[in-house]
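The values are calculated or read from the model by the stated rules, or taken from the named source; none is laboratory data. Computed from a predicted model, the values in this text were never measured in an experiment. Counting neighbours? That spans all protein chains shown, and the Cβs are built from the backbone with ideal geometry, glycine included.
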Amino acid sequence: MSQRFDADTQALKEREKVNATCAVHNLEDWIIGQVHPRAGIRVLDLGCGTGKQAFAFAQLVTPEGAIVGVDISKEAVEVVTERARREKLTHVTAVQSSLDNVLDLLKSERFDLIVSSYAFYYAADMRQLFTGLRSLLKAHGQIFVCGPGDGTNQEVIDIINRILPSKSSKVLPIGNFMLDSDVVAIRPFYAKLRTVRLQNQIKFVASEPVLQWWRNHNSYFPEIDSAMTQAIQAHFANHGEFVLSKNVLGVHGHV
């Protein structure tokens, strides 16, 4: 699958807008419920994007807490910085960096909590990064990383694969972003490590939001746009809604 939208800030904003309005469960609430952030802690948000998680945590760590976001997109970092300035959230900052450079960039920093939502798999070596991040955590610190789980987006993938002209161009099913073998390899570096899952859905009540989501996602193929539009419209002619699976896998470690 293409990765052309990975660093596209506008595409990210469009997907976040759909997720915020149509998702059955709020992802930020779920993450917060897993890690229980408290006032005064320092949080590192890896792959922070435009700050969806960072700003959800912002009010929970004050006073004296801090949020540091890291993202490869200069534009995304500027969005976070500008919003923090506008809302006078001086404890929220963001820096531009790839995930692979984080350990060197922040080697003198220590955090109570490291979070990463739908970004960790962009690292060249997730195992190495996850184990290396142990060095950035304070005593009793924790790390929570989440991303796609088995079956994510399958309803859209099925339609795409019916339309694509050749078997060689078919879109593969999405599996867990982190394999069981990865979790086993990481476990010895943490006092506790567990996996958790959220079976989420996005429920669309009209065709255009579905198409808007797809056109800003890596599963988008411009050459089948017309056929995909017809297929989604036909679906709504026969059904009252379109349900898209957004299964989430979380990996939660404690020092």
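So the values come out like this:
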{"item": "Every pair of residues 6+ apart whose Cβ atoms lie under 8 Å, when the first sits in the range 116-144 and is within 21 Å of residue 94 (Cα to Cα) while the second is assigned to a helix (DSSP H, G or I) and among the acidic types (Asp, Glu)", "result": "123/100; 129/100; 130/182"}
{"item": "Subset of the range 21-52 (residues that are closer than 19 Å to residue 249 by Cβ, in contact with a Gly (Cβ under 9 Å, 6 or more places away or on another chain) and either of a type in the set (A, V, I, L, M, F, W, C) or assigned to a loop (DSSP other than H, G, I, E, B) (or both))", "result": "30, 31, 46, 47, 49"}
{"item": "The range 56-99, residues that are part of a helix (DSSP H, G or I) and not hydrophobic (A, V, I, L, M, F, W, C)", "result": "74, 75, 78, 81, 82, 83, 85, 86"}
{"item": "Residues of the range 206-225 classified as more than 21 Å from the chain's Cα centre (by Cα) and either in a helix (DSSP H, G or I) or in contact (Cβ under 8 Å) with a residue 60 or more places away in the chain (or both), total", "result": "7"}
{"item": "Lone qualifier among 92, 35 - being in contact with a strand residue (DSSP E or B) (Cβ under 6 Å, 6 or more places away or on another chain), aliphatic (A, V, I, L, M) and either without any contact (Cβ under 8 Å) to a residue 60 or more places away in the chain or surrounded by fewer than 19 Cβ atoms within 10 Å (Cβ to Cβ) (or both)", "result": "92"}
{"item": "Qualifying residue in the range 124-142 (condition: under 23 Å from residue 30 (Cβ atoms) and either β-branched (Val, Ile, Thr) or at pLDDT below 95 (or both))", "result": "no"}
{"item": "Per-region count, the range 145-185, residues outside any loop (DSSP other than H, G, I, E, B), within 20 Å of the chain's Cα centre (by Cα) and touching a residue at least 24 places away in the same chain (Cβ under 8 Å)", "result": "10"}
